[in-house]
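Bear in mind that the values in this text are calculations on the coordinates, not laboratory data. Just so we're clear, the structure is a prediction, and the values are computed from it rather than from any experiment. All Cβ positions, glycine included, derive from the backbone under ideal geometry; neighbour counts span all protein chains shown.
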Amino acid sequence: KRSRSVIMKWLESCLIAISMYSKIPVPQVEWTKEKMSHAMCFFPLVGVIEGCLLGLWLFIAAQFNLSVGIRFLWASAIPFLVTGGIHMDGFMDTMDAVHSYGDRTKKLEILKDPHLGAFAVICAVVYLLLYTGSMYEFCENARGKAMFYPVLFLFSERVFSGLSVVMFPSAKNNGLAAAFSQASEKKLDKKILLLSLVLLAVLAFGIWGVQGLEVYGVCLVLQGVLFAWYDKWSKKNFGGITGDLAGFFLQAEELICLTVVAFLLRIM
């Protein structure tokens, strides 16, 4: 009975993570502190699913010799269709708060405000233009197994995001990030998330060879630098992290890694 209870606890944490951070239909479970305790460990699975769907789309498009336009535009839409735009919502709220140039209290108030500001729209448009441009470059250069390279950074960026929830202070006692942070079994979750980065390195080498390991290594370095910056920046401007800031961090990681991977494919 005890072993079954432990298995159910982990399974329910997985279902909560997938239902919260994606539009993938899964059975719904009650959100209790115990059931949420390992949700961050399963958050990276959403990245795996997203990356596999993206790679599958590029593979199908190549088989039917579809135009470049439909390939990169649909590819650009897939991440947002999978996540439901939850992270972009956080990005936009963060842009409104940052561009208010108010004090910490004012910025936190803006994060809670459901209304959309001009800077959120402007920054979202700029972001999507940059993202689509990088996706175009990636689609032009990705061939064969390289079509699935996004799995690497879509997984690892969520590992770093999960680590931030587990390790960084929350800016407030309520909200999404605070809820997951308070429910987390921090020491165990941290070890599992770090171990998953090592396991992915082994898989990267096994699936993509040396080139895949090099691409993954570059992404890890970039994400590690952003992770350190995010810690200092969030503390300075907001006193810690929130769910919206986590969304901003994830979107920033994704754009930078997609751009760098597209560039690496061109020169490799």
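Annotations for the structure displayed:
- Nearest-0.05 FRET efficiency for residue 186 and residue 106, computed from C-beta distance (R0 30 Å): 0.50
- Other-chain or far-sequence residues with amide H under 5 Å of residue 241's (modelled H): 170, 171
- Dipole magnitude (debye, nearest 20) for the chain, charges at Cβ of Lys, Arg, Asp, Glu: 820 debye
- Cα gyration tensor, region 188-268 - rounded (a/c under 1.5), prolate or oblate: oblate
- Extending 7 Å from the Cα toward the beta-carbon at both residue 11 and residue 80 defines two label points whose distance is 3.6 nm.
- For region 172-205, the residues whose backbone nitrogen is under 15 Å from a point 7 Å from the Cα of residue 48, taken along Cα to Cβ, are 192-205.
- Anisotropy class of region 131-218 from Cα gyration tensor, a/c 1.5 cut: oblate
- Helices in the chain that qualify as membrane-span-like (whole DSSP H runs, Cα extent of at least 27 Å along the helix axis, mean Kyte-Doolittle hydropathy of -0.5 or higher) are 2-21, 39-63, 118-141, 186-238, 243-267.
- In this simple spin-label approximation, residue 56 and residue 125 carry label points 7 Å from Cα along the Cα→Cβ vector, and these lie 3.5 nm apart.
- Label of the coordinate-derived value, semi-axes √(5λ) of the Cα gyration tensor in Å, listed as [x] 32, 19, 17; [y] 32, 26, 18; [z] 29, 24, 17: [z]
- Fully extended contour minus Cα-Cα distance, from residue 198 to residue 3, at 0.36 nm per residue: 67.5 nm
- Violating pairs (Cα-Cα greater than 31 angstrom) within the set 35/235; 187/235; 23/112; 9/106; 23/187; 107/186: 9/106
- Reciprocal of mean inverse Cα separation for region 156-198 (Kirkwood radius, Å): 10.5 Å
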